[in-house]
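Nothing in this text is a laboratory measurement; each read-out follows from the coordinates by a stated rule. What you see is a predicted model, and the numbers here were worked out from it, not measured in a lab. Virtual Cβ from ideal backbone geometry, glycine too; neighbours counted across all protein chains shown.
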Amino acid sequence: MTSRLHDVLTLTVGVYILLLGGLCLLDSTGTVEISRGGMVEGAVGLALVALGVLAILAALRVRRFSRRLRRAIGHVRGTGDWEIDDDAVIQTIFGDIALDLADYELPEGDTDLTLLCWVGQIQVRAPRGVGLDVTAQAMIGTIDVLGVRQDGVIRDIHVRSDGFDEASTRVHLRLSTFVGELMVVQAR
């Protein structure tokens, strides 16, 4: 788990537990009478608030990027008809992102590319010889990056391709999904 995700997640879960504890305390002291059903509804409501906080923090993190491609619903397919600039961001809420980096002229040196998908799948294919530094995060789902695979809840991995430091073209990929699948493969 990256330190950024760890900090945000810890803070969000901490606030959630604090508020849920406050509801229980109010109920136990008789200040406010809350039924079991009300307690469950309160817990679900607080969980949604916690997810909202995570979404806002994620949005604040990516607002500094210069090049963005956004689609609320639908699929984003990389067809090579636009350039991948440094600090590019591709986002979709419901849908898939499929990007083959072989279709693009990648500049020499380091390029940052962020792909965000709330619900759906992100697939990235990279040509041989490109150095990849991948950080992938999924709240619920599967991550498969360069052969390293994790399934489950709150998955967060960091993988570097062999020969990353020696590669003339290096891509730093940041992939994130709330519910879905993240996959990065490199041609052999």
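Things worth noting here:
- Applying 1/(1 + (r/R0)^6) with R0 = 35 Å to the Cβ-Cβ distance of residue 15 and residue 108 gives a FRET efficiency near 0.20.
- In order along the stretch 104-121, the phi-based Karplus estimate (6.51 cos²θ - 1.76 cosθ + 1.60, θ = phi - 60°) of 3J(HN,Hα) comes to 10, 8, 8, x, 5, x, 9, 10, 9, 9, 10, 10, 10, 8, 5, 9, x, 10 Hz; Gly and Pro are listed as x.
- Span from the the stretch 89-106 Cα centroid across to the the stretch 137-188 one, whole angstrom: 14 Å
- For residue 115, residues with placed amide H under 5 Å, excluding near neighbours: 90, 174, 175, 176
- Across the stretch 28-42, rounded Karplus estimates of 3J(HN,Hα) from the backbone phi angles (6.51 cos²θ - 1.76 cosθ + 1.60, θ = phi - 60°) give 5, 7, x, 4, 9, 8, 10, 6, 4, x, x, 5, 5, 4, x Hz, Gly and Pro being marked x.
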